[in-house]
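Asker: Here you go, one structure.
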Amino acid sequence: MDFRLYFRSRQGELVHLLKQLVTLESPTQDKKAVDACVAFAAREFKKVGCKVTVLPQKDVGDLIVAEFAPGRVKDADDEILLLTHVDTVWPVGKIVQMPFFVQGNKLYGPGVLDMKAGLVMLLAALRALHGLNAKPQKKITVFVNSAEETGSDAATEMIRKLARRASLVLCLEPALPGGALKLERKGRLVVRMDVKGRSAHGGTPEKGVSAIEEMVAQIAKLKRLRAGETTVNVGLVGGGEKANVVAESAWAVLDVRFWRTADRDRVLKILRESVPVLRGARIKITVESQTPPLEKTKASEKLFVRAQEIAAGLGLSLKGGKTGGGSDASIAAGLGIPTLDGLGPDGDGLHAGHEHLLLPSLVERTALLTELLKSL
Ligand SMILES: [Zn+2]
């Protein structure tokens with residue numbers, strides 16, 4: 001079966017399904033809107049032969065776990081986990097200014113690329129496998145996140161749980177511009193720095209210890225963390241009470257991005273060993289949140305080479321690249337599971353008004369995904 005030809009003749013169906021999903025606007029914070037999109041997706045997964053479990057959520061949209069044709073794969077312990085999400089960054093009503101439309105090779109609309117196209121690809125691939133009665137080598141499980149753009153504890157826990165039983169993970173986030181997969185993503189660390197000093201009258205500051213002065217000195221020293229491509233941004237800072245009082249406390253929140261877990265460890269070690277410059281000042285470091293980097297491992301490289309071979313069989317050349325931002329793939333990769341990300345279509349304008357995808361790549365990537373699910 002030449003899946004490129006197969007999906008080229010079904011391009012209209014792909015576009016139609018994508019239009020339906022984009023029209024069901026689903027900003028992360030609007031549970032009602034997200035749930036409507038989740039319900040639609042759940043019905044579609046059932047139609048393509050999946051056993052669908054909807055996990056109700058209180059604060060975010062409901063989550064979906066869909067298992068493909070569970071009766072068909074015999075006692076396979078080998079499992080592929082697919083990661084997608086239904087939520088977007090666009091508020092309900094955005095579609096009025098940013099309608100779904102096709103212009104030449106490009107398809108526009110809120111969330112069209114990030115990542116409703118990923119859902120369309122997956123539904124089309126499973127429909128093809130189901131219709132052709134194909135027997136995949138591995139059990140296929142799909143996780144549909146409802147709060148990928150903000151992150152949610154329930155989804156993170158679920159991804160970890162599902163990834164632990166999978167032998168590989170595929171994530172349908174958009175490709176890098178030009179179509180390369182995202183083989184490496186930066187990790188993120190959000191750290192709060194609290195400084196304690198001693199208050200005194202503003203007229204006799206020598207009797208106190210200014211937490212703000214200490215904080216300024218500490219911020220100036222953060223430059224030393226920026227080794228290689230590790231970045232540090234002091235996004236928030238605060239402290240003090242009144243202009244005529246020596247500040248007793250000050251705080252700052254840092255956002256650190258890094259390629260390797262080792263870089264994170266280095267940064268944390270330096271931060272935790274921060275020595276005050278003012279006598280009597282104290283520094284406390286708290287990690288507020290962290291996302292592991294998507295690191296290239298031997299196993300993920302092997303998986304990428306295998307994917308390249310499968311792509312070559314379809315006449316496609318598959319490249320790999322890296323990106324600064326995180327995705328759900330990083331959570332799975334953080335557990336050491338071989339992970340490929342950026343399997344979605346090529347396009348541009350993520351989180352921007354010109355968000356669009358390239359239609360030929362939607363067809364190609366759907367063909368590739370189908371072949372991957374069949375052969376991996
Ligand atoms: Zn996304």
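Asker: Quick test for you: out of Leu122, Leu162, Leu132, pick the one residue that is over 12 Å from the mean Cα position of the chain (by Cα), open to solvent by less than 10 Å² (accessible area, probe 1.4 Å), more than 15 Å from Leu294 (Cα to Cα) and away from the ligand (no atom under 14 Å from the Cβ).
Answerer: On the way: Leu122 fails: away from the ligand (no atom under 14 Å from the Cβ); Leu132 fails: open to solvent by less than 10 Å² (accessible area, probe 1.4 Å).
Residue meeting the stated conditions: Leu162.
Asker: Among Leu340, Leu335, which is the only one that is assigned to a loop (DSSP other than H, G, I, E, B), at negative phi and under 17 Å from the mean Cα position of the chain (by Cα)?
Answerer: Leu335
Asker: I'd like to check something: does region 277-293 contain any residue that is more than 15 Å from the ligand (Cβ to nearest atom), more than 30 Å from Gln218 (Cβ to Cβ) and open to solvent by 50 Å² or more (accessible area, probe 1.4 Å)?
Answerer: To start, the set of residues in region 277-293 that are more than 15 Å from the ligand (Cβ to nearest atom) comprises 277-290, 292-293.
Filter once more, keeping what is more than 30 Å from Gln218 (Cβ to Cβ): none.
Scanning region 277-293 turns up no residue that is more than 15 Å from the ligand (Cβ to nearest atom), more than 30 Å from Gln218 (Cβ to Cβ) and open to solvent by 50 Å² or more (accessible area, probe 1.4 Å).
Asker: While we're here: Search region 141-154 for residues being out of contact with any helix residue (DSSP H, G or I) (no Cβ under 7 Å at 6 or more places or on another chain) and within 12 Å of the ligand (Cβ to nearest atom), and hand back the single one that is nearest to Cys37 (Cα to Cα).
Answerer: Of all residues in region 141-154, those out of contact with any helix residue (DSSP H, G or I) (no Cβ under 7 Å at 6 or more places or on another chain) come to 149-154.
If we keep only those that are within 12 Å of the ligand (Cβ to nearest atom) too, we end up with 149-151.
Working: Glu149: 15, Thr150: 17, Gly151: 18 Å.
By that ranking, first place goes to Glu149.
Asker: Kindly list the number of the only condition in (1) within 12 Å of the ligand (Cβ to nearest atom); (2) modelled with pLDDT under 95; (3) not aliphatic (A, V, I, L, M) that fails for Lys138.
Answerer: Condition not satisfied by Lys138: (1).
Asker: Answer yes or no as to whether Ala217 is surrounded by fewer than 17 Cβ atoms within 10 Å (Cβ to Cβ), modelled with pLDDT of 95 or more and assigned to a loop (DSSP other than H, G, I, E, B). Write out each step before concluding.
Answerer: On the way: surrounded by fewer than 17 Cβ atoms within 10 Å (Cβ to Cβ): yes; modelled with pLDDT of 95 or more: yes; assigned to a loop (DSSP other than H, G, I, E, B): no.
Against the criterion (surrounded by fewer than 17 Cβ atoms within 10 Å (Cβ to Cβ), modelled with pLDDT of 95 or more and assigned to a loop (DSSP other than H, G, I, E, B)), Ala217 does not qualify.
Asker: Which one is farthest from Leu18 (Cα to Cα), of the residues in region 88-113 that are within 16 Å of the ligand (Cβ to nearest atom) and in contact with a Ser or Thr (Cβ under 7 Å, 6 or more places away or on another chain)?
Answerer: Restricting to residues being within 16 Å of the ligand (Cβ to nearest atom) and in contact with a Ser or Thr (Cβ under 7 Å, 6 or more places away or on another chain), the top hit is Thr88.
Asker: Are there any pairs, at least 6 apart or on different chains, whose C-beta atoms fall under 6 Å, with the first in region 253-271 and in a helix (DSSP H, G or I) and the second among the aliphatic types (A, V, I, L, M) and buried (at least 20 other Cβ atoms within 10 Å of the Cβ), and if so, which?
Answerer: Note: pairs meeting the criteria are Arg264/Leu189; Val267/Val256.
Asker: Let me ask something else. Would you mind stating whether Gln290 is free of Cβ contacts under 8 Å to residues at least 12 places away in the same chain and touching a strand residue (DSSP E or B) at 6+ places or on another chain (Cβ under 9 Å)?
Answerer: Working: free of Cβ contacts under 8 Å to residues at least 12 places away in the same chain: no; touching a strand residue (DSSP E or B) at 6+ places or on another chain (Cβ under 9 Å): yes.
When the stated conditions are applied, Gln290 does not pass them.
Asker: Of the numbered conditions (1) in a loop (DSSP other than H, G, I, E, B); (2) among the hydrophobic types (A, V, I, L, M, F, W, C); (3) over 25 Å from Ser199 (Cα atoms); (4) out of contact with any helix residue (DSSP H, G or I) (no Cβ under 7 Å at 6 or more places or on another chain), Leu318 fails exactly one; give the number of that condition.
Answerer: Every listed condition holds for Leu318 apart from (4).
Asker: Identify, from the list Met98, Met115, Met158, the residue that is in contact (Cβ under 8 Å) with a residue 12 or more places away in the chain and over 24 Å from Val54 (Cα atoms).
Answerer: Details: Met115 fails: over 24 Å from Val54 (Cα atoms); Met158 fails: over 24 Å from Val54 (Cα atoms).
So the residue among Met98, Met115, Met158 that is in contact (Cβ under 8 Å) with a residue 12 or more places away in the chain and over 24 Å from Val54 (Cα atoms) is Met98.
Asker: Of all residues in region 165-185 being within 16 Å of the ligand (Cβ to nearest atom) and out of contact with any helix residue (DSSP H, G or I) (no Cβ under 9 Å at 6 or more places or on another chain), which is most open to solvent (accessible area, probe 1.4 Å)?
Answerer: Step by step, filter region 165-185, then rank; the result is Pro177.
Asker: To continue, here is another question. For region 334-348, which positions are touching a helix residue (DSSP H, G or I) at 6+ places or on another chain (Cβ under 7 Å) and not charged (D, E, K, R)?
Answerer: Within region 334-348, Leu335, Ile337, Pro338, Thr339, Leu340, Leu343, Gly344, Pro345, Gly347 qualify.
Asker: Considering only residues that are over 13 Å from Asp87 (Cα atoms) and either crowded, with 21+ Cβ neighbours inside 10 Å or not polar (S, T, N, Q) (or both), which ones fall in region 144-157? Outline the logic, then answer.
Answerer: First, the residues of region 144-157 that are over 13 Å from Asp87 (Cα atoms): 153-154, 156-157.
Within region 144-157, Asp153, Ala154, Glu157 meet the criteria.
Asker: Within region 295-353, track down each residue that is within 30 Å of Glu157 (Cβ to Cβ) and acidic (Asp, Glu).
Answerer: Within region 295-353, the first condition is being within 30 Å of Glu157 (Cβ to Cβ), and the residues that meet it are 295-304, 306-307, 320-345, 350-351.
Glu295, Glu301, Asp328, Asp341, listed by residue number.
Asker: So in region 321-332, with the set limited to residues that are under 12 Å from the mean Cα position of the chain (by Cα) and outside any loop (DSSP other than H, G, I, E, B), which one is nearest to the ligand (Cβ to nearest atom)?
Answerer: Kept after step one, since they are under 12 Å from the mean Cα position of the chain (by Cα), are these residues of region 321-332: 323-332.
Imposing the further condition that a residue be outside any loop (DSSP other than H, G, I, E, B) reduces the set to 323, 328-332.
Working: Thr323: 12, Asp328: 8, Ala329: 10, Ser330: 12, Ile331: 13, Ala332: 14 Å.
So the residue we want is Asp328.
Asker: For Leu314, are the conditions met, namely being open to solvent by less than 40 Å² (accessible area, probe 1.4 Å) and either under 21 Å from the mean Cα position of the chain (by Cα) or small (Gly, Ala, Ser) (or both)? Steps first, please.
Answerer: Working: open to solvent by less than 40 Å² (accessible area, probe 1.4 Å): yes; either under 21 Å from the mean Cα position of the chain (by Cα) or small (Gly, Ala, Ser) (or both): no.
Spelling it out, it is not the case that Leu314 is open to solvent by less than 40 Å² (accessible area, probe 1.4 Å) and either under 21 Å from the mean Cα position of the chain (by Cα) or small (Gly, Ala, Ser) (or both).
Asker: Only residues in region 348-362 that are on the phi > 0 side of the Ramachandran plot and open to solvent by 60 Å² or more (accessible area, probe 1.4 Å) count as the first member; pair them with residues that are not hydrophobic (A, V, I, L, M, F, W, C) and not in a strand (DSSP E or B), Cβ under 9 angstrom, at least 6 apart or cross-chain, and list the lot.
Answerer: His351/Asp114; His351/Glu149
The values are calculated or read from the model by the stated rules, or taken from the named source; none is laboratory data. None of the values given here were measured: they were computed from a predicted structure. Cβ atoms come from the backbone with ideal geometry, glycine included; neighbour counts cover every protein chain shown. Note: areas computed on protein heavy atoms with side chains; ligands, DNA, RNA excluded. Shrake-Rupley method; radii C 1.70, N 1.55, O 1.52, S 1.80 Å.
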